[in-house]
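Taking it in order: structure first as structure tokens, then the write-up.
The values are calculated or read from the model by the stated rules, or taken from the named source; none is laboratory data. None of these values were measured; they are calculated from a predicted model. Cβ sites come from the backbone with ideal geometry, for glycine too, and all protein chains shown count toward neighbours.
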Amino acid sequence: MFGFTEEQIATFGLTFGVAGFMLYMLFIIGQLAWESKAGRFGTFVLFLGLAFGMVGFIAKFAIQWFLDR
């Protein structure tokens, strides 16, 4: 499709698609904390739960880069 291989399209979707989805999730969590008046600690806990998933996603790319180097 448009001169790209299936692997290139999948890599692009995984990196930019999932990263964009994570930014959207940050917006959703922030909106949820704002509307529920969670306070500082409640907002921190909400974002902490989301951050665990993001750290794993970023660590995957860091480990992959280190092994390919």
Checklist entry - Do we have Ala59 as assigned to a helix (DSSP H, G or I), in contact with a Gly (Cβ under 8 Å, 6 or more places away or on another chain) and either hydrophobic (A, V, I, L, M, F, W, C) or modelled with pLDDT of 90 or more (or both) here? => result no
Next on the checklist: Among the residues that make up the range 47-67, is at least one of them among the basic types (Lys, Arg), free of Cβ contacts under 8 Å to residues at least 40 places away in the same chain and at positive phi?
Outcome noted: no
Checklist entry - Does Phe12 satisfy the criteria of being modelled with pLDDT under 90 and surrounded by fewer than 11 Cβ atoms within 10 Å (Cβ to Cβ)? => result no
Next on the checklist: As an exercise: evaluate Phe27 against (1) surrounded by 12 or more Cβ atoms within 10 Å (Cβ to Cβ); (2) of a type in the set (A, V, I, L, M, F, W, C); (3) under 20 Å from the mean Cα position of the chain (by Cα) and give the number of the one condition it does not meet.
Outcome noted: (1)
Checklist outcome for this item: Expected single match for of a type in the set (A, V, I, L, M, F, W, C), out of contact with any Gly (no Cβ under 8 Å at 6 or more places or on another chain), modelled with pLDDT of 85 or more and surrounded by 10 or more Cβ atoms within 10 Å (Cβ to Cβ) among Leu50, Leu46, Leu67 is Leu46
